[in-house]
Structures are given as structure tokens and as C-alpha cells.
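Participant: Take this structure first; my questions come after.
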Amino acid sequence: MSQAALHPMLNTAIKAARTAGSIINRAALDLEVLKVGSKGPNDFVSEVDQAAEQAIIGTLLEAYPGHGILAEESGRTHGAKHSDYVWIIDPLDGTTNFIHGFPVYAVSIALAYRGQVQQAVVYDPTRNDLFYASKGRGAFLNDRRLRVSKRTRLSDALVGTGFPFRKGDNFKRYVKMFEELMASCAGLRRPGAAALDLCYVAAGYYDGFFETGLNPWDAAAGSLMITEAGGLVGNFTGDSDFLYQREIVAGNPKVYGQMVQILAPYTRVIKEDAPAEGPLSAAAVGLAGVAAQADATQAFVAAAEGAPAAAAAAAAKKAAVRIRKTAAPAAPADADDAPM
């Protein structure tokens, strides 16, 4: 698709992403002088993150001053707080890679209208690769239309993931998931930039992807790339409320269905003290996901807007719903029969 034919809001997002990419590329030439801070153990922020975010916000609000902003470094302190249009921004996804000179990082910008992502841009400044999508109009890498892969068996699939790294993350839970997926697929990869990982699913480089602990700005843009490329994305139970549930699974339709079967018992909508072994019925976990979605969203937004930590924690605690295992349906005889 030529850039002249793009939606005006998508063109504005592309302009913002390229501006941020220029800032990142200039800083990458001299990492030794870069000032780096920490938001927590293994969770870094650099002056480049902040400069890139300011440039993005300035570009977006100059064009659309009545829109809202949800950004990684500044939360909702910019833009209109109650607009139906909200830009979801990660100015530098893969900061740890960037500050070590490992060239896997990207700018991620999405526009949501009433909670549904409509426009998306992910820009890889090291390769000058521009991924973009508009709802209903397809996903593209530069000028090439993207389609997810055609592999049908998880055993043949290359799957991307991201490791937990923050204090408080449930490493034991992740290791169990990792062990199951590793034994079921052709290979696992962890480059360290979720926005690019999701675009790689859309491009067919990966057949599937899963991760826990992601924020909306990590996944919003990439999720639209996948659905516009013919893939599926959801939480571990296959429901569509992944954006605020801090868990995501994505893939082409066949591989996605097989991954959901493996990951459903590990969904965060089940309390940590609930049994994690054995299959759960899709209906049971689905109901739990619906019940938890509103509270999880409120908790995240409260934290993003700077609400007291205790209040945000209380809202998040309400989002955990304990459910009981029920008898699972018989597994399909062949991987090709997995649900789409």
C-alpha cells in the first residue's frame, strides 16, 4: 500500500515513529555517554526513551490535540484524559537490548478508538523496517503485504517468547510453560522486544508467540498487525481481553489453537494457589476471564494515572478469580484438528 493511500492518523503515527527512530539511531552511535536509570530490578529507562516519547507525543498532539495518550514513561499525563481516541505508545521497546548495543528494539505506536485498536505502527530503526496496519485494510512491512505462516502443526512451529525479569514475576510458573512449549514445538526464540516479536508473527517469521507480564504499550500495535495478517491473538484462555491481562498468545490460526490448549491452565485469572496441573475447560476459564476483565482494566488505568499504590493493588486483587477444574473435552486425534 502506498503511503499516500494510508489513513491520515496512520500517516501521523508513521511520522512520529520515524522521528523517534532518528533520535534512537543518533543515540546508538555513542552509548557510552547515555544516561540510564532504573524503574526496578532489570527494568531500565534511558534518556533516549524519554526524548523519543516526548517527540512522539508532540507530533501526535500537534495533529490531534483532543486525543488521549497512554505512554510507557509518562502514563496518562498528556492529552485528553476522557477522549474516545487513545494513542498507546512505547517509545523504545527493548531498552535493555538498546543500552547493551544489541540491535533488536523498536518504536511502537497504536491508536485505540473506544478500546479497539484501529491504527498501528512498529518501526525498527536499526533495519529501517516499518510495520503498519489499519483495521480492515491489512498489515504491511514497508510496501509488502503481510500474511501469517501456513504451518498447521505446533511440532513444526517456531515460537517466540519473552522471559519474566521483574521482581515479583512468577518464574516457576513460566518455567513450567516453557518446558511444555519447548517439548511441543520445533524451537523457541527470545530476542527481547515484544512489539517486534508480534510483527514477526504477522510476517510469518514466527508461527506463534506467548509472553506474560506485558503492558498495553508492548502489545497494542503488534496485535493489530497479527489480526490484519490473518492470525489470532488473545490471552491464555483464547479470550480477546489480553491487552490488560498481562498475558498474550498469538499465532496463525492452527498453531494458536494448539498453544491455547497448552497455556490455558497457566492463565493469570486463576489465583496462584489454584492447581496448575491438568486441563481446564474452555468455558470455565472463559467465564473467569470475562469476570476479571473490567477489574483488571480499572487497576491498570488507575496505576497509569498515578492512583495510590494501595488502591491500585486492591483493584488488581479483585481481578484474580479462582475457578475449579472441570473435565476437559477429548483431545483431537491429530494436530490439524485443533480449534481455530
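Participant: Report the antiparallel proportion of the DSSP beta bridges in the stretch 3-145 as a percent, rounded to a multiple of 5.
Facilitator: 90 percent
Participant: Return E179, E32 ranked ascending by Cβ neighbour count within 10 Å, so the fewest neighbours appear first.
Facilitator: In increasing order of surrounding Cβ atoms, one gets E32, E179.
Participant: Could you line up F98, F242, F163 from fewest to most neighbouring Cβ atoms inside 10 Å?
Facilitator: Ordered from fewest to most neighbouring Cβ atoms within 10 Å, F98, F242, F163 come out as F163, F242, F98.
Participant: Checking the a/c ratio against 1.5 first, then a/b against b/c, what shape does the Cα gyration tensor give for the stretch 3-145?
Facilitator: oblate
Participant: Oh, and also: If you build the convex hull over the alpha carbons only and average its shadow over all orientations, what do you get for the stretch 134-241? Give it in nm² to one decimal.
Facilitator: Its Cα hull, projected and averaged over all orientations, spans 7.1 nm².
Participant: Please compute the length gained on full extension between A186 and K81, using 0.36 nm multiplied by the number of residues separating them and subtracting their Cα-Cα distance.
Facilitator: Residue separation times 0.36 nm, minus the Cα-Cα distance, leaves 33.3 nm.
Participant: Moving to a separate point now. Just add up the charged neighbours of R137: K/R +1, D/E -1, any other residue whose Cβ is under 15 Å from the Cβ of R137.
Facilitator: Around R137, the surrounding residues sum to +2.
Participant: Let me ask something else about it. Just to be sure I understand the model, the point goes 7 Å from the Cα along the line to the Cβ. What's the resulting K150 to E32 distance in nm?
Facilitator: 5.2 nm
Participant: About its Cα centre, what dipole magnitude does the stretch 3-145 give when the only charges are +1 on Lys and Arg Cβ and -1 on Asp and Glu Cβ, stated in debye to the nearest 20?
Facilitator: In total the dipole reaches around 560 debye.
Read-outs: derived from the displayed coordinates by stated rules, not from any lab. All values derive from a computational prediction rather than experimental measurement. Quick reminder, even Gly has a Cβ in these numbers, built from the backbone with ideal geometry, and neighbours come from all protein chains shown.
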